[in-house]
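The values are calculated or read from the model by the stated rules, or taken from the named source; none is laboratory data. The structure presented is a predicted model; accordingly, all values stated were derived computationally and were not measured. Quick reminder, even Gly has a Cβ in these numbers, built from the backbone with ideal geometry, and neighbours come from all protein chains shown.
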Number of protein chains: 4
Amino acid sequence: MYAYEEQREALMARLKRVEGQVKGIMKMIDDGRYCPDILQQISALTGALDEVSLILLESHLSGCVTDAIQAKNGEASIREVMHVIRKVVKR
Amino acid sequence: MYAYEEQREALMARLKRVEGQVKGIMKMIDDGRYCPDILQQISALTGALDEVSLILLESHLSGCVTDAIQAKNGEASIREVMHVIRKVVKR
Amino acid sequence: MYAYEEQREALMARLKRVEGQVKGIMKMIDDGRYCPDILQQISALTGALDEVSLILLESHLSGCVTDAIQAKNGEASIREVMHVIRKVVKR
Amino acid sequence: MYAYEEQREALMARLKRVEGQVKGIMKMIDDGRYCPDILQQISALTGALDEVSLILLESHLSGCVTDAIQAKNGEASIREVMHVIRKVVKR
């Protein structure tokens, strides 16, 4: 059992769409489309990935981190989640 | 002819890898992998997309924007590229 | 009592330095310094602010959010912290 | 003469406001204000700094980079500006 079980289908649907966006960007490059249009699509894709990250992060806080805190064992869990949040923030 | 012609193959190779990373993340979710590990992969993916954006942006500046400036027509081109850079910065 | 009490002095020292950096950037503009050099300083400043945010966020998770979770009241607290994390990520 | 001469006053006014925001955040910490409220203010501050960066970047493209390109010397100038844009994007 994992924390994002309830969001699993929504996450998969989002990632399926992300995959389609990646293919779309490859086609734009193949077709020699205008750079700013491609850059706009990549920026939309990054935004979509941020949403996936935020959903996973919320599941993780509500699941594993909450469990760890209730087991009086939150410290390591919070340190770990901060490490991940730093990576998301700093890209 | 488009500005990123010379980088076309490198860009496609990068996007091919990005596509693989997206599939990898879907598999991680399917396998019920640990949230922080998935979040780390998404953050790597966002980093890879940033690189694609920066390559395209450099091509655009060296190509279209340079041409526009040499044709004494840089103003609109710079306004347009700033619009795109803002999107990349603000996600 | 607030969650970041222990980090209060470290946070103030960091923000004091941030204030100095802002003054330094104003002086660079006053002196007509080269744009890329100023941009580099602003980017360092943004990085310094990110560190302050991450310290506050960790204190908040270890303090208020942990307390809320232990009081079986974590849900609203996690929703609130996600709202803030989103703002930090999306700038 | 520097590229952002025309924006000098607007930039200084923005940075003056940024300085006030930094002082405001220090006061919030001194007053023991609630973490998420402080984090929200820091995120507004980062947003304000992004605007300053984007103004400077546009001035730089319209000024120095345009001059370099017109002098058939754009390559080094574009390489340099990309280096700075990368720093802004990656924080």
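Are any residues in the stretch D:1-16 under 22 Å from residue D:88 (Cα atoms) and either of a type in the set (S, T, N, Q) or part of a helix (DSSP H, G or I) (or both), and if so, which ones? Hits for the stretch D:1-16 are D:5, D:7, D:8, D:10, D:11, D:12, D:13, D:14, D:15, D:16. When C:47, C:20 are checked against the criterion of being over 17 Å from residue D:41 (Cβ atoms) and under 13 Å from the mean Cα position of the chain (by Cα), C:47 stands alone in meeting it.
Annotation note: of A:19, A:80, A:51, the sole residue that is over 30 Å from residue B:55 (Cα atoms) and either assigned to a helix (DSSP H, G or I) or facing another protein chain (nearest Cβ under 7 Å) (or both) is A:80. Determine if the stretch B:22-38 includes at least one residue that is outside any helix (DSSP H, G or I) and in contact with a His (Cβ under 6 Å, 6 or more places away or on another chain). No; the residues of the stretch B:22-38 include none that is outside any helix (DSSP H, G or I) and in contact with a His (Cβ under 6 Å, 6 or more places away or on another chain).
Here the stretch A:33-48 is the region considered, the condition is being out of contact with any Asp or Glu (no Cβ under 8 Å at 6 or more places or on another chain) and closer than 18 Å to residue B:64 by Cα, and the residue that is farthest from the other protein chains (Cβ to nearest Cβ) is A:37. One residue stands out in the stretch B:54-63 among those that are surrounded by 19 or more Cβ atoms within 10 Å (Cβ to Cβ) and not small (Gly, Ala, Ser): the one that is nearest to residue D:83 (Cα to Cα), namely B:58.
When each of D:74, D:63 is tested for being more than 20 Å from residue C:41 (Cα to Cα) and either more than 7 Å from chain C (Cβ to nearest Cβ) or under 14 Å from the mean Cα position of the chain (by Cα) (or both), the lone residue that passes is D:74. Exactly one residue out of C:88, C:81 is at pLDDT below 95, within 30 Å of residue B:88 (Cβ to Cβ) and among the β-branched types (Val, Ile, Thr): that is C:88. For the stretch A:1-16, a residue qualifies if it is surrounded by 15 or more Cβ atoms within 10 Å (Cβ to Cβ) and more than 7 Å from every other protein chain (Cβ to nearest Cβ), and the qualifying residues are A:7, A:14. Do we find a residue being touching a helix residue (DSSP H, G or I) at 6+ places or on another chain (Cβ under 8 Å) and touching a residue at least 40 places away in the same chain (Cβ under 8 Å) anywhere in the stretch B:77-90? So far as the stretch B:77-90 goes, no, none of its residues is touching a helix residue (DSSP H, G or I) at 6+ places or on another chain (Cβ under 8 Å) and touching a residue at least 40 places away in the same chain (Cβ under 8 Å). Could you list, in sequence order, the residues of the stretch D:29-53 that are surrounded by fewer than 17 Cβ atoms within 10 Å (Cβ to Cβ) and farther than 22 Å from residue D:89 by Cα? Result: D:30, D:31, D:32, D:33, D:34, D:37.
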